[in-house]
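Asker: Here you go, one structure.
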Amino acid sequence: MNYTVHQIAEIANAHVIGDGKLLIKNIAFDSRIIYSTKNTAFIAINTHKNSGEKFIEAAIDRGIQVIISENHYPNYENITWIITENAVVFLQKLAKYHFENAYIKSIGITGSNGKTILKEWLYQCLWNEFTTVKSPKSFNSQIGLPLSLLQINDSHELGIFEVGISKPDEMEKQENIFHPQIGLLTHIGTAHLANFTFEEQLVDEKIKLFRNSKVIIYNGDNILVDSKIKELYSTKRLITYGFKEHNDVHFKNNLSREEDVVVQYFNEQISFPVNQRDEATLINALALLTVLKELEISNDKIIEKINALKAVEMRLEAIEGIKNNIVINDSFNLDLDSLKTALQFLNEYNKPKKSLVLTDIVGVNSNSRELYEEVSELVNEQRFDSVFLIGNEISNYSELFKSKTSTYINTRELIDSKHLTEIENQIILLKGARKFEIEKLKDILELRKHDTVLEINLNAILHNINYHKSLLKPATKMMAMVKANAYGLGSYEISEFLQHHHIDYLGVAFVDEGVELRKKGITVPIVVMNPEQHSYDTVIAYNLEPEIYSLRVLEQFYEAVKKSGYDKKYPIHIKLETGMHRLGFKDSELDELSRTLAEKNLKVQSIFSHLSSSDLPSEKEFTLHQLNTFERNSNYLIENLGYTPIRHILNSSGITNYTDHQYDMVRIGIGMLGESQNSEINKQLRSVVSFKTVISQISIVGDGESVGYSRRFKTDHPTKIATIPVGYADGIPRLIGNQVGNVGIHKTLAPIVGNICMDMMMINVDHISNVKEGDTVTVFNAKPTLKEFADYCKTITYEVLTSISPRVKRIYVKD
Ligand SMILES: *Cc1c(COP(=O)(O)O)cnc(C)c1O
């Protein structure tokens with residue numbers, strides 16, 4: 001959006017106290033997640049639980065100048081107020097006007113389950129076809145929907161929005177604000193049935209969203225839904241999908257086999273691979289395909305997009321298990337609310353039998369009998385086949401559970417009992433408090449699909465960030481460097497996680513990397529360290545902030561800003577040269593830089609430099625010299641600027657070795673991944689990445705035989721050799737073959753023998769007893785560690801990580 005305060009007040013029937021000419025582009029409703037205060041108004045929403053007005057002060061502290069509120073607080077200076085009778089109605093009016101005046105294609109998704117997943121999937125498939133805007137997370141309520149709609153701006157071509165209702169009559173209001181051209185109705189279940197008398201009432205209510213739609217795509221397996229829609233909307237284009245054959249779009253082949261699925265789409269057949277075969281994934285895939293066809297995406301592209309789809313990061317993870325089970329893993333935390341959500345999630349699956357693993361609820365001080373009575377009621381409703389209780393406390397109340405119930409003191413005891421691995425054809429929910437480590441159960445129950453993976457532990461990243469933060473003053477900001485695909489780990493996944501955990505800034509190397517993040521919905525300020533000349537327009541279009549390192553770049557970038565019509569001070573970051581001799585302004589250029597900046601409508605958001613040797617104790621003197629130069633030159637610039645930008649110079653090892661020089665912000669990189677040159681610090685950090693594969697084959701190679709290309713390894717006795725499916729095309733340097741490098745098997749190092757091949761290599765496992773095909777092999781971390789592996793390669797950990805080929809599947813875990 002892009003309105004003046006005055007326009008907003010007029011649209012939404014409110015009145016202004018203050019400057020009506022200010023421009024508003026964003027509305028923030030949570031004072032904790034205000035990323036940019038520029039052109040942002042804060043809306044104080046009062047709900048029956050909470051008064052948003054309590055947070056006005058925090059918003060103003062963060063630099064917000066415009067407040068939308070039901071009450072006026074005159075004690076703040078220089079604040080513009082938009083005063084409304086009802087903040088929620090205000091939002092809805094504004095969103096309605098904004099949506100009706102935005103000329104975009106729109107998709108509205110409603111239903112009981114699967115809305116958020118489908119929205120995210122559609123977005124991942126469509127963002128590079130259309131400039132797309134979507135609801136953030138599952139913003140679909142009376143407040144969430146308007147906030148989502150207000151994100152639409154002139155550049156958008158397509159909007160994908162979720163619409164949810166929790167009470168009768170809400171859909172009418174939602175449809176009044178948002179009338180999607182394409183309506184998508186997912187599965188209707190009993191998720192919110194409590195507030196509705198009959199399923200029929202719920203269906204009637206949901207389908208009101210489509211009153212003005214041209215096309216309605218819906219799950220036709222539900223007969224009630226099918227007949228209601230056909231009756232009410234006979235003149236619209238209706239497309240049904242589902243498992244039953246009468247649907248326009250349905251599966252053609254036997255889904256239980258390992259082959260590609262074949263979908264009948266009207267008269268056409270389309271086949272593609274789907275790894276996860278649980279019912280919810282399959283039905284969502286049908287809906288996805290139907291919408292993509294409706295948007296005239298070609299079959300080839302659809303298949304490519306479905307292949308590339310990454311499972312949306314959800315707290316609840318559905319995994320294909322051994323013995324035809326589905327395992328729902330929610331070992332992240334346990335409280336009543338998350339238990340409810342998880343139990344609801346189970347209903348998306350149509351497996352007749354189910355089991356539950358549940359642990360003590362920890363950290364609750366209330367009366368434990370009452371707590372477990374409530375827990376058992378929730379659980380009993382679900383009629384589990386068997387319930388496994390872990391922990392002393394919950395075990396005391398086992399008599400409250402009606403299913404076949406067994407108790408264990410800890411997770412180990414359950415594993416040893418082997419009761420879990422006897423289960424067949426069920427859906428198994430693992431729900432436990434963190435300390436019980438029930439993810440170990442997941443490892444046992446999971447059917448492994450990918451042999452070679454780079455496993456990234458997100459919680460370990462958070463731990464490492466918090467460790468570095470603990471060394472700093474609370475007010476010091478942190479920029480996370482996510483350049484080069486976040487050091488090879490996956491730039492979007494890592495950035496999304498960091499954004500969720502309130503990182504202040506992200507840093508990328510090139511503009512493309514920043515654009516990718518923006519397109520996928522990252523809203524945190526992003527600094528581009530090396531903005532190339534041809535990309536300045538893109539920098540501006542995507543609201544990225546450039547590093548300016550020379551007068552040439554400054555002039556050229558400013559030209560681009562003027563040309564773009566951007567009428568505010570554009571944020572830039574000035575890089576000073578202090579000894580690295582890579583990029584930056586030198587001492588002799590500071591006068592001219594100050595003069596040039598004074599003439600230009602730019603805002604120096606930060607001044608920074610980079611240390612070349614903060615990890616090397618032997619270069620302490622040099623580093624102090626760099627720090628000195630930075631202090632002197634940044635002070636000089638600030639004097640001339642007349643205002644004080646953020647200053648920063650420390651990278652990860654700078655944070656640990658030169659903490660006193662933290663200024664206002666630090667830039668963390670490798671430290672976030674748990675690597676430090678300092679072994680004492682290393683002990684405090686957690687390792688984040690592990691590169692694993694499994695043994696494809698084991699052979700006994702006879703005495704005097706050779707192994708691999710060019711016969712570089714010859715045995716001198718019959719030798720047990722294992723072949724593993726990773727090679728130099730995966731990023732293992734060929735130079736660590738021939739017994740230079742080792743991998744880990746059963747916590748023992750085993751040398752790589754012979755030349756490394758493109759996709760495979762051979763390992764001497766003669767000294768490892770009871771090793772067998774299918775066993776896990778650690779390329780790194782643990783044994784050998786990433787550092788040791790980098791040593792084999794005669795390089796640094798940074799190069800190892802950024803060299804791992806994109807074909808190695810990255811998987812993200814939270815422990
Ligand atoms: C990569 C980078 C960092 C992070 O360095 P680490 O050694 O990984 O902490 C910090 N600042 C700049 C300018 C960088 O390019």
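Asker: If I model a spin label at E599 and S550 as a point 7 Å from the Cα along the Cα→Cβ vector, what separation in nanometres do I get?
Answerer: It is 1.9 nm.
Asker: Leaving out ligands and nucleic acids, note down the accessible area per residue over segment 141-241 with a 1.4 angstrom probe, in whole Å².
Answerer: Counting only protein heavy atoms, the per-residue value for segment 141-241 is 41 Å².
Asker: If the chain between Q269 and E373 were fully stretched, how many nm would it gain, using 0.36 nm times the residue separation less the Cα-Cα distance?
Answerer: Gain in length upon complete extension: 32.3 nm.
Asker: Show me 650-659, 411-420 ranked by packing, highest mean number of other Cβ atoms within 10 Å first.
Answerer: Top to bottom by mean Cβ count within 10 Å: 650-659, 411-420.
Asker: Set the Förster radius R0 to 30 Å, insert the Cβ-Cβ distance between N254 and Q201 as r into 1/(1 + (r/R0)^6), and round the FRET efficiency to 0.05.
Answerer: For N254 and Q201, the calculated efficiency is 0.20.
Asker: Moving on. Just the accessible area per residue of segment 610-733, please: how many Å² with a 1.4 Å probe?
Answerer: With all protein chains present, segment 610-733 gives 46 Å² per residue.
Asker: For the residue pair L309 and D416, what label-to-label distance in nm results when each label sits 7 Å from Cα along the Cα-to-beta-carbon direction?
Answerer: About 4.3 nm separates the two model spin labels.
Asker: Enumerate the whole-percent occupancy of each 10 Å bin, from 0 to the last occupied one, for all C-alpha pair distances of segment 689-814.
Answerer: Computed distribution, short to long bins: 13, 48, 32, 7, 0.
Asker: Using the Kirkwood formula over every pair of different C-alpha atoms, what hydrodynamic radius in Å results for segment 316-447?
Answerer: 14.4 Å
Asker: From the C-alpha gyration tensor of segment 456-684, pull out the three semi-axes of the equivalent ellipsoid (sqrt of 5λ each), sorted largest to smallest, in whole Å.
Answerer: They are 28, 23, 14 Å, listed largest first.
Asker: Charges at C-beta only: +1 for Lys and Arg, -1 for Asp and Glu. How large is the resulting dipole of the chain about its Cα centre, in Debye rounded to 20?
Answerer: Here the chain has a charge dipole of around 460 debye.
Asker: Across 10 Å bins from 0, what is the distribution of all Cα-Cα pair distances for segment 76-156, in whole percents?
Answerer: Taking all Cα pairs of segment 76-156, the binned fractions are 16, 42, 29, 10, 3 percent.
Asker: For K134, enumerate residues with amide H under 5 Å from its amide H, sequence gap 5+ or separate chain, H modeled in the peptide plane.
Answerer: For K134, whose amide H was placed from the backbone, the distant partners under 5 Å are I160.
Asker: Tell me, what ³J(HN,Hα) does each residue in segment 170-177 have, in order and in whole Hz, if you take phi through Karplus 6.51 cos²θ - 1.76 cosθ + 1.60 with θ = phi - 60° and put x for Gly and Pro?
Answerer: 3J(HN,Hα) across segment 170-177, in whole Hz: 6, 5, 3, 5, 5, 5, 4, 8.
Asker: How large is Rg/Rh for segment 3-91, to two decimals, with Cα atoms and a Kirkwood Rh?
Answerer: 0.91
Asker: Continuing with this model, one more query. Could you run the Karplus curve 6.51 cos²θ - 1.76 cosθ + 1.60 with θ = phi - 60° over segment 634-651 and give me ³J(HN,Hα) per residue in whole Hz, x for Gly and Pro?
Answerer: Listing the rounded values in order: 5, 4, 4, 4, 4, 4, 6, 5, x, 9, 10, x, 5, 10, 7, 9, 7, 8 Hz.
Asker: Only bridges with both residues in the chain count here: give the DSSP antiparallel percent, nearest 5.
Answerer: That works out to approximately 35 percent antiparallel.
Asker: Let me ask something else. Give me the distance between the Cα centres of segment 550-614 and segment 702-721, rounded to whole Å.
Answerer: Spelled out, the Cα-based centre of one part sits 60 Å from the other.
Asker: Still on this structure, please answer the following. Normalised by the number of residues in the chain, what is the relative contact order in percent for Cα pairs under 8 Å and 6+ residues apart?
Answerer: It rounds to 7 percent for the chain.
Asker: Hey, another quick one. Can you tell me the length gained on complete extension of the stretch N770 to R237, counting 0.36 nm per residue apart and subtracting the Cα distance?
Answerer: Contour length minus Cα-Cα distance gives 185.6 nm.
Asker: Describe numerically, in nm with one decimal, the distance between label points set 7 Å from Cα along Cα→Cβ at H501 and at D716.
Answerer: With each label placed 7 Å out from Cα toward Cβ, I get 5.0 nm.
Asker: May I ask you to give the percent of accessible area on the chain that is carbon plus sulfur, with a probe radius of 1.4 Å?
Answerer: 47 percent
Asker: Between H534 and N75, 0.36 nm times their residue separation minus their Cα-Cα distance comes to what?
Answerer: Taking H534 through N75 to full extension adds about 160.4 nm, to one decimal.
Asker: Moving to a separate point now. Tell me, what HN-Hα J-couplings in whole Hz come from the Karplus equation 6.51 cos²θ - 1.76 cosθ + 1.60 at θ = phi - 60° for each residue of segment 84-94, using x for Gly and Pro?
Answerer: Calculated HN-Hα couplings, in order: 10, 6, 8, 5, 5, 4, 3, 4, 5, 5, 5 Hz.
Asker: Amide H to amide H under 5 Å from V743: which residues, 5+ apart in sequence or cross-chain, H placed 1.01 Å off N in plane?
Answerer: The list, which skips near neighbours in sequence, is A750, I752.
Asker: Report, in debye and to the nearest 20, how large the dipole of segment 316-447 comes out about its Cα centre when Lys and Arg carry +1 and Asp and Glu carry -1 on their Cβ.
Answerer: Once rounded to the nearest 20, the dipole reads 300 debye.
Asker: First check a/c for the chain, with a ≥ b ≥ c the square roots of the eigenvalues of its C-alpha gyration tensor; if it is under 1.5, answer rounded, and if not, answer prolate when a/b is larger than b/c or oblate otherwise.
Answerer: Oblate, because a/c is 1.5 or more while a/b does not exceed b/c.
Asker: Under a 5 Å amide H to amide H cut-off, with H placed in plane at 1.01 Å, what residues pair with V261 once short-range neighbours are removed?
Answerer: Amide H to amide H, under 5 Å and 5 or more residues apart or across chains, V261 pairs with F272, V274.
Asker: If you roll a 1.4 Å probe over the heavy atoms of the protein chains, what accessible area per residue do you get for segment 485-556, in Å²?
Answerer: That works out to 33 Å² per residue.
The values are calculated or read from the model by the stated rules, or taken from the named source; none is laboratory data. In this text, all values refer to a predicted model and were calculated from it rather than measured experimentally. No Cβ is skipped: glycine too gets one built from the backbone with ideal geometry, and neighbour counts run over all protein chains shown. Each accessible area value is taken on the protein alone, full model and side chains, heavy atoms only, with ligands, DNA and RNA left out. Shrake-Rupley method; radii C 1.70, N 1.55, O 1.52, S 1.80 Å.
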